[in-house]
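Encoded as structure tokens, the structure appears first; notes follow it.
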Amino acid sequence: MNVAYTGPWPKLADYDALLMDVARRIQLTKTKHEIAETNFRSLCQHVDREGSPLENKVIECYPSGSFATGTAIASRVAKDQHDVDVVMELDIPANSPPKDILNLLFLAINGEEGSRYHGKVTQNSRCVTVEYGDGTTVDLMPIARIQGPERAGNLFHYKRETGESRHKPVNPWGFAKYFNDHVDFDPAFHDLFKGRRLLVEGKIVEKAETQPMPDHEPLEEKSPRVVALQLLKRNRDIAWRAPSRTGRKPPAIALNAMALDAGPVHASLLDEVVAIATHIRGRLKETYGPRGTVQVFNPAYPPDEFTDRWPENKSAQDLYDGDLRRLIVELYKLRNENLSLAEQQELLKRLFGETAAAYAIESTLDARLREMNANRLHLGSTGKVLGAAAAAVAGSASTAARAATREGGGELSE
């Protein structure tokens, strides 16, 4: 059911409105979620098909990582691309040679020449990746169940370049359940950002009773901690696009785990992002691990370490600490300084990329136009908001806000 806006709109700080619009732009659409589910289920059935090297060996498949915790974002916003992590539980001995299992999974998916996935498959050190024509990917990680908590299993690690081979105890299902059970929901956040959606879009679609993926839900239905983590991931991805960046990115699952201990959630999205970033920076001062770096473990299954490959050394840890410091400084600037729309867009571009920044500014202009039409606001010639008294003084210097145009070049390529 569509609910038309009748006002009044909930009061929302401009900086939080901008961050919510950035977050909205990096979400995956319901259609993309449905495609993701169709893709991974088709792959699991393909692996278990008659004649496959792993025929009748697939026990269960389920999304892991960001799709399981509701923190998934588009990997390429302008193209609405996404990456899906999938656990594939196999009925095999838990001590099977990692090299053999990963190779069998590769062969099972790649199939014969001319078959559905042939030539689209890559074998990695812990998973097998399928890339589709639109650039989206599915990473299938094989595990074999072991004694212990529900769904605990051995992951198979084999690095072809060095011959490194080992079994790693993991429980991605356990972490997803733990994360979802311990992330608090804030009614104030819901009300503020549901109002923002009404203001920008003029209507809202009520949440369906069932969703195609566990994390597909309206943005305002998410915990502010989840949305803040999505913004942190986006900022991390933008930083790692710099040509000078090498090495691994901080794994999202480690960021999610650390964020659980960042204190009470905030209704203000900016405050929530700053709180999480500040808490993670505190953790990044730790040097207790064998490489002199922080260690983060799965709270649902402590043998499962999330930082076994990142940070590779203290320099990699310090590099991300510097990224978080810059993020915090920029967000304080967004909150505390009287920036023009152009300055706000440039700041958001540095943090979250061109496409998301442009969308946020266009949404702000849309919202202000709606308010102007309700005789609430006027815009100064610099794009700053003028109240009724200031607008009267400004006179001819105030201008109408233009509507956002998302057709004919509104999307910036990333």
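The values are calculated or read from the model by the stated rules, or taken from the named source; none is laboratory data. All figures in this text were calculated on a predicted structure; none of them were measured in a lab. Reconstructed Cβ throughout: ideal geometry from the backbone, glycine too, with neighbour counts over all protein chains shown.
So for region 162-179 (the condition being in a loop (DSSP other than H, G, I, E, B) and out of contact with any Asp or Glu (no Cβ under 7 Å at 6 or more places or on another chain)), does at least one residue qualify?
Checking region 162-179: at least one residue is in a loop (DSSP other than H, G, I, E, B) and out of contact with any Asp or Glu (no Cβ under 7 Å at 6 or more places or on another chain).
Out of (1) loosely packed, with under 14 Cβ neighbours inside 10 Å; (2) touching a residue at least 40 places away in the same chain (Cβ under 8 Å); (3) not assigned by TED's automatic domain parsing to the domain that holds F67, what's the single condition that is false for R166?
(3)
Restrict the check to region 198-215 and report whether at least one residue is in contact with a helix residue (DSSP H, G or I) (Cβ under 7 Å, 6 or more places away or on another chain), at pLDDT 95 or above and outside any loop (DSSP other than H, G, I, E, B).
No; the residues of region 198-215 include none that is in contact with a helix residue (DSSP H, G or I) (Cβ under 7 Å, 6 or more places away or on another chain), at pLDDT 95 or above and outside any loop (DSSP other than H, G, I, E, B).
For every residue, the table says whether it meets (1) closer than 18 Å to L231 by Cα; (2) at pLDDT below 95; (3) touching a Cys at 6+ places or on another chain (Cβ under 9 Å).
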position	(1), (2), (3)
E312	no, no, no
L319	no, no, no
I328	yes, no, no
L331	yes, no, no
R335	yes, no, no
F352	yes, no, no
S381	no, yes, no
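Would you confirm whether or not region 36-55 contains a residue that is at pLDDT below 90 and acidic (D, E)?
Checking region 36-55: at least one residue is at pLDDT below 90 and acidic (D, E).
Looking only at region 149-161, count every residue that is assigned to a loop (DSSP other than H, G, I, E, B) and of a type in the set (G, A, S) and tell me the total.
1
Quick one: which residue in E89, E113 is touching a residue at least 60 places away in the same chain (Cβ under 8 Å), surrounded by fewer than 23 Cβ atoms within 10 Å (Cβ to Cβ) and not assigned by TED's automatic domain parsing to the domain that holds H266?
The match here is E89.
Among the listed residues A254, A277, identify the single one that is in contact with a helix residue (DSSP H, G or I) (Cβ under 6 Å, 6 or more places away or on another chain) and outside the structural domain of H157 (by TED's automatic domain parsing).
Residue meeting the stated conditions: A277.
Going by what's in this entry, would V183 be described as under 27 Å from the mean Cα position of the chain (by Cα), within 27 Å of L260 (Cβ to Cβ) and β-branched (V, I, T)?
yes
Take the residues in region 181-191 that are assigned to a helix (DSSP H, G or I) and within 13 Å of E221 (Cβ to Cβ); name whichever of them is modelled with the lowest pLDDT.
The extreme case among them is H190.
Residue-by-condition table, conditions (1) under 20 Å from D83 (Cα atoms); (2) more than 23 Å from the chain's Cα centre (by Cα):
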residue: I109; (1), (2): yes, yes
residue: E112; (1), (2): no, yes
residue: K120; (1), (2): yes, yes
residue: D134; (1), (2): yes, no
residue: M141; (1), (2): yes, no
residue: A144; (1), (2): no, yes
residue: Q147; (1), (2): no, yes
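If a residue must be in a loop (DSSP other than H, G, I, E, B) and surrounded by 21 or more Cβ atoms within 10 Å (Cβ to Cβ), how many such residues does region 236-261 contain?
Going through region 236-261 one residue at a time, the tally reaches 1.
Show me the helices (runs of 4 or more DSSP H) entirely contained within region 29-148 in which 1 or more residues are more than 30 Å from L219 (Cβ to Cβ).
30-47, 98-110
Checking the condition outside the structural domain of S64 (by TED's automatic domain parsing), of a type in the set (D, E, K, R) and surrounded by fewer than 18 Cβ atoms within 10 Å (Cβ to Cβ), which residue from K233, K285 passes?
Of the residues listed, the single one that is outside the structural domain of S64 (by TED's automatic domain parsing), of a type in the set (D, E, K, R) and surrounded by fewer than 18 Cβ atoms within 10 Å (Cβ to Cβ) is K285.
Return yes or no: is D323 modelled with pLDDT under 95 and surrounded by 17 or more Cβ atoms within 10 Å (Cβ to Cβ)?
Considered against the rule, which asks whether it is modelled with pLDDT under 95 and surrounded by 17 or more Cβ atoms within 10 Å (Cβ to Cβ), D323 comes out as no.
Yes or no: I280 within 25 Å of S64 (Cβ to Cβ), under 16 Å from the mean Cα position of the chain (by Cα) and assigned to a helix (DSSP H, G or I)?
Answer is no for this residue.
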